[in-house]
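Enquirer: Dumping the structure here so I can ask a few things about it.
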Amino acid sequence: MIGIDLIKISRVENFIERFSDKALQKFLNQNEILLIKNASTAAGFWAAKEATSKALQTGIGKSCGFHDIEIYKLANGAPALKLHKRIIEQFSITDTSLSITHDAGFAIAVVAIESTTANKVKQL
């Protein structure tokens, strides 16, 4: 399953300016907040969480909230995902991949999720 999200960095910048630390706490946990260097990083994390929920075909809501998804950094600095145990079990997730990029005032994230119950291709 694949999900993608695009967000304008200035949107997150305005959100942070308006609500300060409460803005970050709305969609990030304390470990993630420590990784935020600027609005571009925060926007990338927002896009990553939205892309994850799209890959799960739920969107952000009751089935999968922002705090059910955690972004962390691998030893080489690459972003990676941790998912709440409930999400892993509900969707039979076996692996995830995450890519985040920033350019021209936008942040984009792509998430791939492997699952033992992924939708199968329908035959014509």
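Enquirer: Looking at region 11-61 only, could you name the residues that are under 20 Å from LEU74 (Cβ atoms) and of a type in the set (Lys, Arg)?
Expert: Listed by number, the residues that qualify are LYS37, LYS49.
Enquirer: Further, regarding this structure: Specify which of the listed residues (THR52, THR94, THR41) is surrounded by 14 or more Cβ atoms within 10 Å (Cβ to Cβ), of a type in the set (Val, Ile, Thr) and under 25 Å from THR116 (Cβ atoms).
Expert: It is THR52.
Enquirer: Right, something else. Taking into account only those residues within region 97-113 that are without any contact (Cβ under 8 Å) to a residue 60 or more places away in the chain and part of a strand (DSSP E or B), which is surrounded by the fewest Cβ atoms within 10 Å (Cβ to Cβ)?
Expert: Here the residue is ASP103.
Enquirer: Determine the pairs where a residue that is at pLDDT 95 or above and basic (Lys, Arg), located within region 48-63, has a partner that is outside any loop (DSSP other than H, G, I, E, B) and surrounded by fewer than 18 Cβ atoms within 10 Å (Cβ to Cβ) with Cβ atoms under 8 Å apart, the partner being 6 or more residues away or on another chain.
Expert: Partner pairs satisfying both residue conditions: LYS54/ILE4.
Enquirer: For region 11-29, name all the residues that are part of a helix (DSSP H, G or I), surrounded by fewer than 18 Cβ atoms within 10 Å (Cβ to Cβ) and under 15 Å from the mean Cα position of the chain (by Cα).
Expert: Residues satisfying the conditions are GLN25, LYS26.
Enquirer: Among the numbered criteria (1) surrounded by 13 or more Cβ atoms within 10 Å (Cβ to Cβ); (2) in contact (Cβ under 8 Å) with a residue 24 or more places away in the chain, which single criterion is violated by LYS82?
Expert: The failed condition is (2).
The values are calculated or read from the model by the stated rules, or taken from the named source; none is laboratory data. These numbers were taken from a predicted model, which means no experiment stands behind them. Ideal geometry is used to build each Cβ from the backbone, glycine not excepted, and the neighbour counts take in all protein chains shown.
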